[in-house]
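The values are calculated or read from the model by the stated rules, or taken from the named source; none is laboratory data. Since this is a predicted model, take the numbers as computed values, not measurements. Glycine also receives a Cβ, built like all others from the backbone with ideal geometry; neighbour counts cover every protein chain displayed.
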Amino acid sequence: MAMGRRKAKPQALWVNRDAIPKSAGHPFYYRVNQVFAEQRVDQRLEQFCRRYYKPTYGRPSIAPGVYFRMLLIGFFEGIDSERGIAWRVADSLSLREFVGASITQRTPDHTTVSRTRRLFSVETHKAVFRWFVRVLSDEGLVSGQTIAIDATTLEANAAMRSIRRRDDGRPYEEYLRALVQAEGIENPTREQLARFDRKRKKKGSNREWMSPADPDARITKMKDGRTHLAHKAEHAVDLSSGAVLAVTLQPADCGDTTTIQQTLAEAQAHSEMINDRGVEEVVADKGYHSDQVMCDLHAAGTRGYVPEPERGRRKWLGRKREQRRVYANRRRIQGRRGKQLQKLRSELVERSFAYMYETGGMRRTHLRHRDNILKRLLFHAVAFNLALLIRGKYGIGKPRTLQGVSDQPLLLRMVVTALYAVWWKCERHNDPCNYRGKNNAPSSILSCARSDPRYKRESIEDR
């Protein structure tokens with residue numbers, strides 16, 4: 001067999017339309033467009049963004065539905081920057097079909113996407129997020145009565161070496177060199193500066209230092225122990241389905257006890273659209289526990305399930321109201337329901353963090369200023385909730401999940417997977433319904449599934 005060689009081919013002046021390659025389409029994005037057509041997403045987005053466009057004059061821009069889809073691609077494909085999103089859409093035939101661009105049409109550039117994001121306000125992005133929460137409610141996927149609140153840190157698009165003093169604007173190295181010279185060393189080397197800086201304490205105060213590139217970023221310690229300029233993202237997750245009810249972006253140096261009120265207020269407003277009672281139960285970790293938080297939760301008409309950190313024996317002289325609220329929370333958290341809710345919190349809230357920031361590509365932000373980052377976070381949360389809706393309808397929650405299969409084999413595989421999961425649970429946990437019949441198999445798998453509340457909860461997520 002002769003080896004083929006790559007040769008430069010001349011470009012034809014005229015191309016037959018039938019000769020242009022066509023994409024078979026991606027099964028996930030095809031179903032997303034089906035859901036968008038059912039919910040009339042494009043018409044709704046145009047209503048939200050109508051005030052930003054002139055009726056007759058002005059330069060033609062991208063449609064709000066195209067901008068919305070491109071940000072969704074950033075979540076589903078795990079692309080962190082808008083430049084990477086624009087390149088991916090221009091390169092992929094299936095994504096061109098998803099955003100509605102033909103093979104001969106030029107896709108939006110990253111500068112157009114960035115300008116459109118700056119044009120739309122944060123309130124418009126919040127309105128889209130609020131409307132999609134209502135869509136989940138109409139589909140029966142969210143109840144909004146029991147929520148879990150937790151926060152995580154996002155690395156800012158700013159370097160620690162660029163921080164400056166808030167009072168006189170001096171960079172860190174110049175300020176450190178002045179301190180060393182005050183100690184008697186006239187021309188210190190970099191090793192001497194590093195040795196002197198290593199012995200200093202409380203040298204990274206946010207009251208004294210700021211980043212000129214991103215003034216909203218704060219110096220904080222990350223989960224892995226490193227010190228970076230970062231932001232703090234806080235989620236309110238519905239424990240009945242795992243959907244995100246509220247997303248807020250807070251300063252990274254603010255404690256959990258000070259930021260929970262804003263997130264709870266937004267979750268309460270979204271929950272009142274779903275049901276008449278609003279949020280009834282709030283679950284959080286021990287970082288949110290304080291006497292004032294317990295009193296505030298009771299004043300808002302909600303029951304708190306917040307583990308109490310080890311503080312030793314406490315004195316309640318003159319603080320009877322705080323004592324009642326703390327003791328009531330202690331009784332609830334030690335009960336059976338409190339333990340179940342804590343397990344759900346650690347599972348569902350961390351899942352939203354993993355999908356939005358780890359695989360979604362937002363653990364390190366490529367945007368600056370809090371409003372710009374919050375716009376991306378809100379649409380990431382919309383994409384996360386959309387994945388729950390698509391998974392509930394078609395069994396596919398991400399583009400790489402069972403792609404290229406038809407509906408009938410997909411349904412058969414889902415049923416087989418569910419039955420095997422129930423059988424494995426019976427073998428693993430030795431449930432009372434695990435009656436073994438012939439061939440050493442459970443006698444009634446479906447009856448076992450109905451009697452196991454854990455399987456009911458997990459089957460909704462794995463559907």
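Let's see how each residue does on (1) under 19 Å from the mean Cα position of the chain (by Cα); (2) under 16 Å from A381 (Cβ atoms); (3) in a strand (DSSP E or B); (4) in the same structural domain as A148 (by TED's automatic domain parsing):
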site: F196; (1), (2), (3), (4): no, no, no, no
site: K203; (1), (2), (3), (4): no, no, no, no
site: N206; (1), (2), (3), (4): no, no, no, no
site: T220; (1), (2), (3), (4): no, no, yes, no
site: K232; (1), (2), (3), (4): yes, yes, yes, yes
site: G242; (1), (2), (3), (4): yes, yes, no, yes
site: A267; (1), (2), (3), (4): yes, yes, no, yes
site: S271; (1), (2), (3), (4): yes, yes, no, yes
So which residues in segment 98-154 are among the aliphatic types (A, V, I, L, M), out of contact with any strand residue (DSSP E or B) (no Cβ under 9 Å at 6 or more places or on another chain) and part of a helix (DSSP H, G or I), if there are any at all? V99, V113, L119, V122, A127, V128, V135
Given (1) outside the structural domain of V142 (by TED's automatic domain parsing); (2) touching a helix residue (DSSP H, G or I) at 6+ places or on another chain (Cβ under 6 Å), R190 misses just (2)
Which one is surrounded by the fewest Cβ atoms within 10 Å (Cβ to Cβ), of the residues in segment 33-68 that are touching a helix residue (DSSP H, G or I) at 6+ places or on another chain (Cβ under 7 Å) and over 20 Å from A383 (Cβ atoms)? Y52
Number of positions in segment 197-223 that are in contact (Cβ under 8 Å) with a residue 24 or more places away in the chain and of a type in the set (S, T, Y): 2
Only unsatisfied item for A37, checking (1) aliphatic (A, V, I, L, M); (2) in a helix (DSSP H, G or I); (3) within 26 Å of D371 (Cβ to Cβ), is (3)
Is it true that some residue in segment 208-216 is buried (at least 17 other Cβ atoms within 10 Å of the Cβ), of a type in the set (F, W, Y) and not in a loop (DSSP other than H, G, I, E, B)? yes
